[in-house]
């Protein structure tokens, strides 16, 4: 036998070395996979051999400060098809199109799509879904789903917001508190063969969803209803473009109500609220429709800025008092206008004038020359710095999305004319909420506050998970200046231009405004009224805005009565008791009475009793009384308002 040649030996040795190397590599590879990738590959294998269907988590509810539901989650279902399991596509398409009121061809197309699972319809009523499930047609799958519902329809729509098809918040609190409300989705895992068909003997694993936390907010449903009722009536009466009422606690920034008019239905947020637009809606492009909807969803209180006009004079007054530029006894003379930087700027009363007047009378009269003189004496830099202290170029920090920032000239651009016009609320723009926050500092002892709606997050059992804290901000004016401002602004309502908001039994402070919109001389105005009560220790501050009222447009005449109606309703409800002066008692013949029990009585019977006792009655609903506020047996003053719920 011939011995292998040296060349052959080398080849055999090389082959042996390669085999040994390959074996070592394979052993190392096996070790590496088992030691480092076992879990990953097992997971991939499990994923290939199973199908998972998501279970939408219940979204947390939203409650007002009294735990009245504002947004809730209802249990519904989703209907899907699994192509690999369908035995008769036409039967599946015909059944689902008929039962779900869908187009047959569209459903059939989905049944034939090469995907593992195709969604046919979501938010299906549970009773209907159970009927579909009971048919037991191969390929049709019915899963759990949820639907967001808003019990009060349009109430506080721009504040609460709504969710999209994926149950994610789009605007308002629903968007801002998405992480709090959303929860975590669950899964249904089923074993399948290589074709994607579920194994009859396969294991089914259900990973339950985790419910989101519920949100408790500072809104008060009844205060919100009163505000919406008042502003809707005013906008309709004045044929205005829009209107707004904000009600807040000036001590801590809790927002009780934000009422925008027009509003929209939270349960149908993609239907435009303008009848004229609705008629031609289909003629618009998708982009145009979205722009109109976004405008409908805007929250005037914080998404838009405006020139505040004379309500801004509150800040000029506070800065003047704080710097010592003016005191309560300072004297002024109004001649109907002032020439500043070569430009003649009129008082609103021109061609008439206010003549000689004190500082307090100047505020009562809302006299422009008084405020121009105060700002001029302070100087542009000092005046401007106080506006910055009041936060006018910053966001308030409110816990709602889309807050706009104020627009002001830079200090280097503030000449004599700009300084004069800024002193009475022109040549700058701020949001209504920014104005309320700044004015709150002038009446709460001088402190900036953070306006807010979120109060706490609670679990399914109502236990607090998280309390949202809002610290008191910087003190921008002294307590003494704040006390003086409360006194001055109370006189505006008792004897000045704000007298139309006067409510017997209550000490109310406030300021009117009539803001001419840009461009000037367009004949478009915003009538507004800012008010707070009780004047000695304010616990409520409110702002009424009516944008582009037709006919009379003065703030005192247009917004004053709206403010009065609002305060008459909300002050007794919020537990702020009237205290009548001797003059009021003599003038109005007000005495005390005990509230009777109206339960079960009809409207006419209640009205007769109320007239006898000199009580004012407000009804909601129809039928017979099922609740009342104040309750039976409580002692109130005559002419107090009693709210009766009929059903």
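Bear in mind that the values in this text are calculations on the coordinates, not laboratory data. Everything numeric in this text was worked out from a predicted model, so none of it was measured. Every residue, glycine as well, gets a Cβ built from its backbone with ideal geometry; the counts of neighbours run over all protein chains shown.
Here is how the numbers come out for the structure above:
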| quantity | calculated |
| --- | --- |
| For region 453-511: rounded, prolate or oblate by the Cα gyration tensor [a/c cutoff 1.5] | oblate |
| Stokes-Einstein D for region 201-281, Kirkwood Rh over Cα pairs, 37 °C, 0.692 mPa s (µm²/s) | 201 |
| Packing-based exposure ordering (other Cβ within 10 Å, fewest first) of 297, 348 | 348, 297 |
| Which of 389, 377 has the fewest Cβ neighbours within 10 Å, and the rest in rising order | 377, 389 |
| Exposure proxy ranking, count of Cβ atoms within 10 Å, fewest first, for 373, 174, 87, 357 | 87, 357, 373, 174 |
| Kirkwood-type radius of region 309-573, with distances r between different C-alpha atoms, in Å | 19.1 |
| Calculated over the chain: convex hull of Cα atoms, volume per residue (Å³) | 285 |
| By average C-beta atoms within 10 angstrom, highest first, the peptides 479-488, 563-572 | 563-572, 479-488 |
| Two-decimal log10 I(q)/I(0) for region 306-433, as the Debye equation yields it once each C-alpha is a single scatterer, q = 0.09, 0.17, 0.22 Å⁻¹ | -0.25, -0.85, -1.32 |
| Protection-proxy order for peptides 265-271, 438-444, 148-154, each taking the mean of Cβ atoms within 10 Å per residue, highest first | 438-444, 148-154, 265-271 |
| The chain: angle of helix 89-99 to the longest principal axis, Cα-based, in degrees nearest 10 | 20 |
| Nearest-ten-degree value, helix 560-573 long axis tilted from longest Cα axis of the chain | 70 |
| Relative packing of peptides 526-539, 396-409 - highest average C-beta neighbours within 10 Å first | 526-539, 396-409 |
| Nearest-ten-degree value, helix 368-378 long axis tilted from longest Cα axis of the chain | 70 |
| Computed [θ] at 222 nm, helices only, for the chain once each DSSP H run of length n ≥ 4 contributes -39500 (n - 2.57) | -10500 deg cm²/dmol |
| Gyration tensor verdict on region 422-524 (Cα atoms; rounded if a/c is under 1.5, prolate if a/b is larger than b/c, oblate otherwise) | prolate |
| Computed over region 535-647: relative contact order in percent, which uses C-alpha pairs under 8 Å that are six or more apart | 24 |
| Cα gyration tensor shape of region 582-646, rounded if a/c is under 1.5, else prolate or oblate by comparing a/b with b/c | prolate |
| Calculated over region 104-144: convex hull of Cα atoms, volume per residue (Å³) | 84 |
| Counting DSSP beta bridges with both ends in region 582-646, the antiparallel % (nearest 5) | 60 |
| Region 87-106 residues near the modelled residue 131 label - backbone nitrogen below 14 Å, point 7 Å along Cα→Cβ | 95-102 |
| Hydrodynamic radius of region 53-216 per Kirkwood, over alpha carbon pairs, in Å | 17.4 |
| log₁₀ of I(q)/I(0) at q = 0.11, 0.13, 0.15 Å⁻¹ - region 85-182, Debye sum with one point per alpha carbon | -0.47, -0.61, -0.73 |
| Region 496-522-region 347-378 distance, computed between alpha-carbon centres (Å) | 16 |
